[in-house]
Amino acid sequence: MNRLIAAVFVVLAAATCAQAKTYEEMFGRVPVRSDPAKQAVLKSMNFGQGAIEIEQAHAKLQVPAGFYYLDSTDTIKLGPVDKVDSQII
């Protein structure tokens with residue numbers, strides 16, 4: 001299921017995240033991973049919720065509470081879907 005969700009976000013690459021939040025805003029804490037590189041990646045990402053406009057698809061995506069949207073730039077930071085480090089988050 002996580003792979004499917006990640007694949008959908010990759011396909012919806014060119015979105016604007018008007019409701020984007022930082023990791024700390026989204027999860028109520030700063031990333032606590034011991035690896036500084038992973039912390040930097042998480043801190044640099046914008047987690048979108050609510051109405052997300054997908055301009056290239058001429059559509060809007062409604063992201064409910066408990067889920068978040070990553071644009072193509074942030075999705076690429078996670079790496080290939082089949083090789084994502086599940087411990088990064």
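The values are calculated or read from the model by the stated rules, or taken from the named source; none is laboratory data. Keep in mind that what you see is a predicted model, and the values were worked out from it rather than measured. Note that each Cβ is placed from the backbone with ideal geometry, even for glycine, and that neighbours are counted across all protein chains shown. All accessible areas refer to the heavy atoms of the entire protein, side chains included, with ligands and DNA or RNA removed. Shrake-Rupley method; radii C 1.70, N 1.55, O 1.52, S 1.80 Å.
Some observations on this one:
- For Asp82, the stated conditions do not hold, so it cannot be described as modelled with pLDDT of 80 or more and among the acidic types (Asp, Glu).
- Which listed residue is part of a loop (DSSP other than H, G, I, E, B) and modelled with pLDDT of 75 or more, from Arg33, Arg29: Arg29
- Here Arg3 meets the list (1) at pLDDT below 80; (2) part of a helix (DSSP H, G or I); (3) open to solvent by less than 60 Å² (accessible area, probe 1.4 Å) almost entirely, failing just condition (3).
- Subset of the range 36-64 (residues that are among the hydrophobic types (A, V, I, L, M, F, W, C), surrounded by fewer than 16 Cβ atoms within 10 Å (Cβ to Cβ) and either modelled with pLDDT of 85 or more or under 17 Å from Thr75 (Cβ atoms) (or both)): Ala40, Ala51, Ala57, Ala59
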